[in-house]
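A quick write-up on the structure given underneath.
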Amino acid sequence: GQSLEQPSEVTAVEGAIVQINCTYQTSGFYGLSWYQQHDGGAPTFLSYNALDGLEETGRFSSFLSRSDSYGYLLLQELQMKDSASYFCAVGGGYQKVTFGTGTKLQVIP
Amino acid sequence: DAEITQSPRHKITETGRQVTLACHQTWNHNNMFWYRQDLGHGLRLIHYSYGVQDTNKGEVSDGYSVSRSNTEDLPLTLESAASSQTSVYFCASSESGGYNEQFFGPGTRLTVL
C-alpha cells in the first residue's frame, strides 16, 4: 500500500519562501506529484517528478529524492492567492495515485 | 474548451436511498477516477476506469459502484446511502500512456440524513 506524510498547516508571510515537505512509503513508485486546492474548489495539478532533482515552474519548484522517499514543494515570492491546501500524491501504479492528507498554507500580510 | 463536469453540485438524500452522481468529460480521456474528500483524510480513491467497460475498485469502494459504457461518462452510484457517505465527491480524468496529470471536476457535495 501507499502512505504519505505532510504537515497539516503552514503559515508564511507574503513575499517570503515556504517549503512543504512530503515523505512517502510505497510498494511501487512511479513519481510524486503536487496539487493545489483552494477552499471550495477542485484540485489542480502543479507539478510532477519522476526522477531525482528539482523541477521549476515559475514561482513553484518541486524536488524529489527517491532514495530518501522524500519530496517537497517550494513556493517563492508568496502571494495572498497562494493561500490554499497543497497535496502531494504518489503514483504507485498505472495512472493511479494516492494523495496525502494535505497541507493548508496560510499566507499572511 | 474541453472540460469535466459533475452533477448535481449539491445533493441531500436520506439513508437507504440509491443515489447516482454524474461525471462527464469532453477531454476524450480514457482514464477516469472517483474520489471522496473528507476532513483529515485528503482525497481517497473510490473507483477508477481505464476505458470503456473497464472498472476497478479503489481503497474505499464498499457501498459504491460505477459503470463505463462510453468514453465521456463515469457515473457513481451509492446503492443504499449511509450517513458515513456524507462527503464531497470529485471526478477526475487523465490521458493514457505514462503518467499524466489528472483534471478534476468541480465536485458534488452529498449529504445523507
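The values are calculated or read from the model by the stated rules, or taken from the named source; none is laboratory data. The model shown is predicted, which means the values in this text are computed figures rather than measured ones. Methodologically, a virtual Cβ is constructed for each residue, glycine included, from the backbone with ideal geometry; neighbour enumeration extends over all protein chains shown.
Of note:
- Counting only residues that are crowded, with 19+ Cβ neighbours inside 10 Å and touching a residue at least 12 places away in the same chain (Cβ under 8 Å), the stretch A:23-45 holds 8 of them.
- Filtered by the rule that a residue be within 12 Å of another protein chain (Cβ to nearest Cβ), surrounded by 17 or more Cβ atoms within 10 Å (Cβ to Cβ) and not hydrophobic (A, V, I, L, M, F, W, C), the stretch B:54-64 gives a lone residue, B:58.
- Test: residue in the stretch A:48-62 that is within 20 Å of residue B:99 (Cβ to Cβ), touching a residue at least 40 places away in the same chain (Cβ under 8 Å) and out of contact with any Phe, Trp or Tyr (no Cβ under 8 Å at 6 or more places or on another chain): no
- Pairing residues of the stretch B:41-60 that are under 25 Å from residue A:3 (Cβ atoms) with residues that are part of a strand (DSSP E or B) and acidic (Asp, Glu), at Cβ distances under 8 Å and at least 6 apart in sequence or on separate chains, gives B:44/B:38.
- Of all residues in the stretch A:57-70 being loosely packed, with under 15 Cβ neighbours inside 10 Å and out of contact with any Leu (no Cβ under 9 Å at 6 or more places or on another chain), the one that is nearest to residue B:88 (Cα to Cα): A:58
- So residue A:8, is it within 14 Å of chain B (Cβ to nearest Cβ), farther than 19 Å from residue B:33 by Cα and in contact (Cβ under 8 Å) with a residue 60 or more places away in the chain: yes
- Subset tally (residues that are within 18 Å of residue B:56 (Cβ to Cβ) and surrounded by fewer than 16 Cβ atoms within 10 Å (Cβ to Cβ)) for the stretch B:78-96: 2
- Of the residues examined, residue A:91 is not one that is more than 14 Å from chain B (Cβ to nearest Cβ) and either of a type outside the set (Lys, Arg) or under 13 Å from the mean Cα position of the chain (by Cα) (or both).
- Number of positions in the stretch B:65-105 that are more than 14 Å from chain A (Cβ to nearest Cβ), closer than 15 Å to residue B:33 by Cβ and among the charged types (D, E, K, R): 3
- The stretch B:6-16, subset of a type outside the set (D, E, K, R) and in a strand (DSSP E or B), residue nearest to the chain's Cα centre (by Cα): B:6
- Residues (among the hydroxyl-bearing types (Ser, Thr, Tyr) and either buried (at least 20 other Cβ atoms within 10 Å of the Cβ) or at pLDDT 90 or above (or both)) located in the stretch B:97-113: B:108, B:111
- Any chance residue A:78 is more than 17 Å from residue B:42 (Cβ to Cβ), of a type in the set (A, V, I, L, M, F, W, C) and outside any strand (DSSP E or B): yes
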